[in-house]
Amino acid sequence: MTQHRRRVVQTRSLEERMAEQAAKLKEQASQLPAGAEREALLKRARIAQTGAHLSDWLRSPGLLPPE
């Protein structure tokens, strides 16, 4: 038997999905009292936000390939 890969066609860009995830995580963190769980959510939100910005930076027209 061969296994088939599940194919998913994304309708939104990676940057949009990561920014949405960061916003959701920040909202969840705001509902929690100060503590380790809240800090973990905020850390995940910062990582998602950084990933979205990094992807934008990589696609920017000012980025030149190495010579």
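The values are calculated or read from the model by the stated rules, or taken from the named source; none is laboratory data. Since we're looking at a predicted model, the values are computed, not measured. Heads up, the Cβs are rebuilt from the backbone with ideal geometry, glycines too, and the neighbour counts pull from every protein chain shown. SASA here: full protein model, heavy atoms, side chains in, ligands and nucleic acids out. Shrake-Rupley method; radii C 1.70, N 1.55, O 1.52, S 1.80 Å.
Between 34, 23, 52, the residue with the greatest mean-square fluctuation in the GNM of the chain (Cα pairs under 10 Å linked by springs) is 34. When 4, 53 are compared by accessible surface with a 1.4 Å probe, the order from highest to lowest is 4, 53.
Rg/Rh, computed from the Cα trace of the range 10-67 with Rh as the Kirkwood radius, has the value 1.16.
Evaluate E = 1/(1 + (r/R0)^6) for residue 32 and residue 8, where r is the Cβ-Cβ distance and R0 equals 30 Å; express this FRET efficiency to the nearest 0.05. Approximately 0.45, to the nearest 0.05. Determine the relative contact order of the chain: mean sequence separation of Cα pairs under 8 Å and six or more apart, normalised by residue count, in whole percent. Normalised by residue count, the contact order of the chain is 35 percent.
Rounded to the nearest 500, the 222 nm mean residue ellipticity of the chain from helices alone is -21000 deg cm²/dmol, with -39,500 (n - 2.57) taken per DSSP H run of at least 4 residues.
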